[in-house]
């Protein structure tokens, strides 16, 4: 994602998002199922975002690690 507004729009429109894990494990499903609510005022690109992916695994990821699947 380029910015928080793009992420919020993708979530609102139920777009498919994946986590581009910098240290991936072969065979893992990185489809994002949940993204925590993000406070716009306190957010910057170095702020980790809590997600759930695959079968309920959790990770704190950075905005640039979230990809939109077309």
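Laboratory data are not the source of any read-out in this text; all were calculated from the coordinates shown. All values derive from a computational prediction rather than experimental measurement. Don't worry about glycine lacking a Cβ; one is built from the backbone with ideal geometry, like all the others, and counts go over all protein chains shown.
Ordering 6, 44 by the number of other Cβ atoms within 10 Å of each residue's own Cβ, fewest first, gives 44, 6. Using just the C-alpha positions of the chain as equal point scatterers, what log10 of I(q)/I(0) does the Debye formula give at each q in 0.16, 0.18, 0.27 1/Å? The Cα Debye sum returns log10 ratios of -0.50, -0.63, -1.45.
With contacts taken as Cα pairs under 8 Å at a separation of at least 6 residues, the stretch 4-69 carries a relative contact order of 37 percent.
If R0 is 30 Å, the Cβ-Cβ spacing of residue 4 and residue 31 corresponds to a FRET efficiency of close to 0.90. In terms of other Cβ atoms within 10 Å, 39, 70 run from fewest to most in the order 70, 39.
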